[in-house]
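Have a look at the structure below before the remarks.
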Amino acid sequence: MTPEILELLAPFLALVGFGGAILIGMKMRYTHIQRTRGISSPQDVEQLTEAVKTLHDDMRLLHEEVLALNERVEFTERLLERPRPAETDPAAARRRRS
């Protein structure tokens, strides 16, 4: 190559190199922004939505089970608070022993 051609190509090559570096930097920045902002694909959003629905259903079932257990505990407490027949009626206690 002759020096005249190099003199003409040098600014062009510098501009292309600088522009390429800027484009690569912009691509890296865009990728970083996507990762940090949580931009995800529609499939990811659908999976998350389904997972949240499943968790809501599980929580509803657990809530119903806790309510049922609470009813059983209250019933048992009421039974335990009642006076026993042996404590109130000595004749009933004698009948049980025999």
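Readers should treat all values here as calculations from the given coordinates under stated rules, not as data from a laboratory. Worth saying up front: this structure is predicted, and the values here are computed from it rather than measured. Cβ placement follows ideal geometry from the backbone for every residue including glycine, while neighbour counts extend to all protein chains displayed.
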(request) Taking the Cβ of Arg78 as the centre, find all other residues whose Cβ is under 14 Å away and add up their charges (Lys, Arg: +1; Asp, Glu: -1). (result) -1
(message) Run the simple label-point estimate for Val73 and Thr2 please: 7 Å along Cα→C-beta, distance reported in nm.
(response) 9.7
